[in-house]
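K.L.:
Could you have a look at this structure, given as structure tokens, before my questions?
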Amino acid sequence: MKFTLKIWRQKNQNDPGRFVTYEVNNISADASFLEMLDVLNNELVQKGEDPVAFDHDCREGICGSCGMMINGRAHGEGRSMATCDVRMRMYKDGEDLVVEPWRAKPFPVVKDLVVDRRAFDRIMQAGGFISVKTGAAPEANAVPVPKANADEAMDAAACIGCGACVASCPNSSAMLFVAAKVSQFALLPQGQPERRERVERMIEQMDKEGFGACSNNYACEAECPKGISVTHIARLNREFLRAEFTEKA
Amino acid sequence: MVLNSNIPDGPIEKKWSEHRFHMKLVNPSNRRKYTVIVVGTGLAGASAAASLGEMGYKVLAFSYHESPRRAHSIAAQGGINAPKNYANDGDSVYRLFYDTLKGGDYRAREANVYRLAEVSGSIIDQCVAQGVPFARDYSGYLDNRSFGGAQVSRTFYARGQTGQQLLLGAYAALSRQIGAKTVQFFDRREMLDLTVVDGQARGIVVRNLRTGAVESYVGDAVVLATGGYANTYYLSTMAKASNATAVWRAYKRGAAFANPCFTQIHPTCIPVGGDYQSKLTLMSESLRNDGRIWVPKKSGDTRSPSQIPEAERDYYLERLYPSFGNLVPRDVASRRAKEMCDKGFGVGPTKMAVYLDFADAIKRNSKAWIEEKYGNLFDMYHEITAEDPYSVPMRIYPAVHYTMGGLWVDYNLMTTIPGLFVVGEANFSDHGANRLGASALMQGLADGYFVLPYTLGNYLASTKFASVTVEHEGFRETRASVQERVDRLMSIKGKKPVSEIHRELGKVMWEYVGMGRTAAGLTKALKLIPEIREQFWKDAKVVGDPDTINNELEKAGRIADFLELGELIARDALHREESCGGHFREEHQTPEGEAKRNDKKFAYVAAWEYTGDARTPKLNKEPLKFEYVKPSERSYK
Ligand SMILES: Cc1cc2nc3c(=O)[nH]c(=O)nc-3n(C[C@H](O)[C@H](O)[C@H](O)COP(=O)(O)OP(=O)(O)OC[C@H]3O[C@@H](n4cnc5c(N)ncnc54)[C@H](O)[C@@H]3O)c2cc1C
Ligand code: SF4
Ligand code: FES
């Protein structure tokens, strides 16, 4: 297959950046999107040009490193896929593909398609944990957890922290990401003691980082590679109200 | 070089607790005065850094990832072992110890393996308390499944994403400490060398991958948790960036490298598709619980699987190993798959694959039942191959997956350089010549949560430290040598992209140092690898600038190290004139084609010592003694 690629090139955070057009030929339909970029980069290296920088590592949709806008869609064509899961057979031969980094103020571009997502880590540091000292845990089966709750917690915990929810949201909101963590812990008995502080601190940090508010657009759910449901946002809102209420009471 | 394993005296069940009792302790109020450097924040590093930070040490943690949550551990699928005996099927610490030692083909230390089994139960407790959503049954209690090499159900899992959930648990614990400022995390930093001062590991030199700056950090001890080196083979199931640079640099600074040839080939991966391919995708071994492996009885059969009647299928693992069947250990399953394909029974377009069939399990239970257990794995297979595994059997083939070898450590996880500790896949310690499924996550977390925090404290409490800053001569020298190497890579200005050279190395490794090894093949590899290395330093093309993100420069440095390590793997494989676990020398097999160990000559750990670039490394031996489990032929019949 062949493609015309319009790729965002930006040397560093201060460079204004621009699109550059490249042609790639002889791409196997079974190649992944990133393997197609490997082919392009190999050619660029051979020509002595700087290859396109992009983050990636596991290449099986679990580490959350990869992520780019392809023709305006976070992680490109297909549902429930990270960019590394996308296969070239999902595009038409000869198609034009516009490839850009995540666009969101809290995720500044580092180089080309690489963005800085440390804002997510800082939200986690603010409260995305259960405080248990190493060695202080009770026997694992001491507290049963209803299977339905455990399963729903697992659904939420599947988030890979890629940031597609933010990139696809017109407000650059991080609500789906935060909701996934808050919801996971709210569903488990182990998460109860810190329930109030957790949601408050995470939301506070989220606001501090400059993520926008949620206006129920739901683009996040549609583009999330792990299919995290917006019902978790509803739970997050309830948790937040509950926390505010108990604090005032 | 002296190899002292420092295994404590006493009966095996008491060694660890007595050892802990005799350790020197650092008074909690003094811990702040010690700085511990942790390189790598996968399962082993994140759990270690979080625990040490919580205890009050000043911890500096480093990773080439931007976030600890991206570490390769995230990709582990199947599960983690612990002998909780919730299934009431006769499991115990002793049985897990026995299975792991036997699974490793009697090439690991009894005392280490026993300790691993002993602390593994606490890992599950810890993770549940952190909010790890392990699978549960309808009663609300934890569920288990079985894995290769065991006849009991002791594997805890979180769908097909166990590594992800455990890593997110450790990452959360680490995040809490970063928030509390006990741990400082340095992201996008790649350790390129170790600084040794007065014989003690005192710090590291890293390259800041955003800016290209070469930075140094001083500590009282250095912990490497940098993962395995399977990417020496180019195609493997490892994450693309996984590499050996940290351990290799430490080796060159005096840490012994143990059993490098013990590499694991995983039996159930998606077969290679084409030249563009950048990595191999694993299908969790847990699939062998419900999937049946077969090939057509007729060689060269081109019919589609549905047209091959039951009577014309060879379920060869069930035929050869009636008691373990599809659940034989990885090395056995891999070798048998290769043998079937070599004999012409392979299936699929390349004929380098065997079937893994779920039709019976779907009939016995239901499609929904399979979906609940393995849904995400089936989706992944479907995405990659465009075939629906619910209706067509999967095609699988072995791929390089894990490295049992690594830096030599004593019982305290310390290398031959005082103050340099190694945890997780990067050390050689517990899996002998073959690792059983669901045991790497267990070992990484055992090291990080429950072993290192004690042994490191003992080291700090019993050692005197000179005051050292980054201006010390030792640091200057390391910085200069790191800078010199970066400059050298940037100035080769050859014609070949470094990935192509890596691929060439990978081909040699897979062909001659892969699943079936021979003296002739290994000798050939020992000739070819230095040739590729020479070509690399002459003809590699490293483009871009050294002062921004430069993936090509990063890759080049890692490949340069693989080109040296690859040679050591081949050398070790050639010297080990026996077959054991993942190391299969074709000259040494039983008439039935099973691995034939030579306990008289090779019941030792091979610890290689660096003696200079132009000289062959020196082999040191740590003899292995078996007081509790008598080595026998590892039979799974
Ligand atoms: C696909 C797959 C599935 C698996 N499934 C299972 C399973 O079901 N059960 C099981 O028990 N095991 C499984 N394993 C094995 C297991 O996942 C690994 O052995 C284990 O996670 C390794 O953990 P680690 O902490 O030692 O290293 P890693 O997770 O590899 O972490 C290495 C860390 O070191 C950092 N690093 C490395 N070098 C440097 C450097 N030079 N400078 C700075 N930082 C550096 C990295 O950034 C990273 O943070 C699987 C492995 C694979 C590949
Ligand atoms: S919620 Fe979905 S889109 Fe957002 S970070 Fe998590 S996995 Fe990515
Ligand atoms: S590379 Fe890991 S999720 Fe895509």
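The values are calculated or read from the model by the stated rules, or taken from the named source; none is laboratory data. Keep in mind that this is a model prediction, so the values were computed, not measured. Glycine also receives a Cβ, built like all others from the backbone with ideal geometry; neighbour counts cover every protein chain displayed. Please note that ligands, DNA and RNA were not included when accessible areas were found on the heavy atoms of the full protein model with its side chains. Shrake-Rupley method; radii C 1.70, N 1.55, O 1.52, S 1.80 Å.
K.L.:
Could you tell me which of the residues A:R242, A:R195, A:R201, A:R235 is more than 10 Å from ligand 2 (Cβ to nearest atom), under 25 Å from B:E66 (Cα atoms) and open to solvent by 30 Å² or more (accessible area, probe 1.4 Å)?
P.N.:
The conditions single out A:R201.
K.L.:
Starting from region B:55-73, take each residue that is more than 12 Å from chain A (Cβ to nearest Cβ) and list its partners that are in a loop (DSSP other than H, G, I, E, B) and surrounded by fewer than 24 Cβ atoms within 10 Å (Cβ to Cβ), counting only C-beta distances under 7 angstrom and pairs at least six apart or across chains.
P.N.:
Matching pairs, first to second residue: B:Y57/B:Y34; B:K58/B:Y34; B:V59/B:T182; B:L60/B:G219.
K.L.:
State yes or no: is B:I529 buried (at least 20 other Cβ atoms within 10 Å of the Cβ), in a helix (DSSP H, G or I), within 14 Å of another protein chain (Cβ to nearest Cβ) and in contact with a helix residue (DSSP H, G or I) (Cβ under 7 Å, 6 or more places away or on another chain)? Even if it seems obvious, please write down each step before you answer.
P.N.:
Values: buried (at least 20 other Cβ atoms within 10 Å of the Cβ): yes; in a helix (DSSP H, G or I): yes; within 14 Å of another protein chain (Cβ to nearest Cβ): no; in contact with a helix residue (DSSP H, G or I) (Cβ under 7 Å, 6 or more places away or on another chain): yes.
So B:I529 does not fit the description; no.
K.L.:
Could you say which residue among B:V214, B:V222, B:V205 is open to solvent by 20 Å² or more (accessible area, probe 1.4 Å) and either within 14 Å of ligand 1 (Cβ to nearest atom) or touching a Leu at 6+ places or on another chain (Cβ under 9 Å) (or both)?
P.N.:
B:V214
K.L.:
Continuing with this model, one more query. Take the conditions buried (at least 18 other Cβ atoms within 10 Å of the Cβ) and free of Cβ contacts under 8 Å to residues at least 12 places away in the same chain and apply them to B:H583. Does it pass?
P.N.:
The answer is no for B:H583.
K.L.:
Now, a different point. For region B:342-370, what are the residues that are of a type in the set (A, V, I, L, M, F, W, C) and over 14 Å from B:V272 (Cα atoms)?
P.N.:
Within region B:342-370, B:F345, B:L356, B:F358, B:A359, B:A361, B:I362, B:A368, B:W369, B:I370 qualify.
K.L.:
Another question, then. So how many residues does region B:171-188 have that are crowded, with 24+ Cβ neighbours inside 10 Å and under 23 Å from the mean Cα position of the chain (by Cα)?
P.N.:
Looking only at that region, the number is 4.
K.L.:
If you check B:P260, B:P305, which single one turns out to be on the phi < 0 side of the Ramachandran plot and in contact with an Asp or Glu (Cβ under 7 Å, 6 or more places away or on another chain)?
P.N.:
So the residue among B:P260, B:P305 that is on the phi < 0 side of the Ramachandran plot and in contact with an Asp or Glu (Cβ under 7 Å, 6 or more places away or on another chain) is B:P260.
K.L.:
Applying the selection to region B:321-335, what residues are in contact (Cβ under 8 Å) with a residue 24 or more places away in the chain and surrounded by 13 or more Cβ atoms within 10 Å (Cβ to Cβ)?
P.N.:
Within region B:321-335, the first condition is being in contact (Cβ under 8 Å) with a residue 24 or more places away in the chain, and the residues that meet it are B:321-324, B:326-335.
The answer is B:Y321, B:F324, B:N326, B:L327, B:V328, B:P329, B:R330, B:D331, B:V332, B:A333, B:S334, B:R335.
K.L.:
Within the group B:S278, B:S299, B:S306, B:S284, which residue is open to solvent by 10 Å² or more (accessible area, probe 1.4 Å) and either farther than 26 Å from B:G593 by Cα or within 14 Å of chain A (Cβ to nearest Cβ) (or both)?
P.N.:
B:S306
K.L.:
Could you say which residue among A:A167, A:A153, A:A219 is within 14 Å of chain B (Cβ to nearest Cβ), modelled with pLDDT of 95 or more and under 26 Å from A:I62 (Cα atoms)?
P.N.:
From the options A:A167, A:A153, A:A219, the qualifying one is A:A153.
K.L.:
Next question, about the same structure. Could you tell me which of the residues B:E118, B:E66 is farther than 29 Å from B:Y374 by Cα, surrounded by fewer than 24 Cβ atoms within 10 Å (Cβ to Cβ) and within 16 Å of ligand 2 (Cβ to nearest atom)?
P.N.:
B:E66
K.L.:
Output the number of residues of region B:597-616 satisfying the condition of being under 18 Å from B:E577 (Cβ atoms) and in contact (Cβ under 8 Å) with a residue 24 or more places away in the chain.
P.N.:
10
K.L.:
Hey, another quick one. Considering each residue of region B:607-637, count those that are surrounded by fewer than 16 Cβ atoms within 10 Å (Cβ to Cβ), of a type in the set (A, V, I, L, M, F, W, C) and touching a strand residue (DSSP E or B) at 6+ places or on another chain (Cβ under 7 Å), and give that number.
P.N.:
1
K.L.:
Can you go through B:D198, B:D187, B:D220 and tell me which one is of a type in the set (D, E, K, R), in contact with a strand residue (DSSP E or B) (Cβ under 6 Å, 6 or more places away or on another chain), at pLDDT 95 or above and in the same structural domain as B:L413 (by TED's automatic domain parsing)?
P.N.:
Residue meeting the stated conditions: B:D220.
K.L.:
Turning to a different aspect of this structure: Please pick out the residue among B:D105, B:D137, B:D91 that is more than 24 Å from B:E372 (Cα to Cα) and surrounded by fewer than 24 Cβ atoms within 10 Å (Cβ to Cβ).
P.N.:
B:D91
K.L.:
Could you list all residues from region A:52-77 that are touching a strand residue (DSSP E or B) at 6+ places or on another chain (Cβ under 9 Å) and either basic (K, R) or at the interface with chain B (Cβ under 8 Å from one of its Cβ atoms) (or both)?
P.N.:
A:A53, A:D55, A:R59, A:E60
K.L.:
Select the helices (runs of 4 or more DSSP H) contained entirely in region B:344-463, then report the ones holding at least 1 residues which are farther than 26 Å from B:A595 by Cβ and open to solvent by 30 Å² or more (accessible area, probe 1.4 Å). Can you show your working first?
P.N.:
Values: elements: B:359-364, B:367-385, B:440-445, B:452-461.
Answer list for region B:344-463: B:359-364, B:367-385, B:452-461.
K.L.:
Which numbered condition in (1) in contact with a Lys or Arg (Cβ under 9 Å, 6 or more places away or on another chain); (2) away from chain A (no Cβ under 11 Å); (3) open to solvent by 10 Å² or more (accessible area, probe 1.4 Å) is the only one that B:L194 fails?
P.N.:
Here B:L194 clears every test but (3).
K.L.:
Can I ask one more? Among the numbered conditions (1) open to solvent by 40 Å² or more (accessible area, probe 1.4 Å); (2) assigned to a helix (DSSP H, G or I); (3) closer than 21 Å to A:S65 by Cβ, tell me where B:A46 comes up short.
P.N.:
(1)
K.L.:
Checking the conditions here, which among B:I492, B:I501 is part of a helix (DSSP H, G or I), modelled with pLDDT of 95 or more, in contact with a strand residue (DSSP E or B) (Cβ under 9 Å, 6 or more places away or on another chain) and within 14 Å of chain A (Cβ to nearest Cβ)? Show your work before the answer.
P.N.:
Numbers: B:I492 fails: part of a helix (DSSP H, G or I).
From the options B:I492, B:I501, the qualifying one is B:I501.
K.L.:
Within region A:93-130, which residues are of a type in the set (A, V, I, L, M) and more than 17 Å from the chain's Cα centre (by Cα)?
P.N.:
Across region A:93-130, the qualifying residues are A:L97, A:V98, A:A126, A:I130.
K.L.:
Only residues that are among the β-branched types (V, I, T), surrounded by fewer than 23 Cβ atoms within 10 Å (Cβ to Cβ) and farther than 30 Å from B:S579 by Cα: list them for region B:489-520, please.
P.N.:
Across region B:489-520, the qualifying residue is only B:I492.
K.L.:
Do we find that A:C58 is within 16 Å of ligand 3 (Cβ to nearest atom) and in contact (Cβ under 8 Å) with a residue 40 or more places away in the chain in this structure?
P.N.:
no
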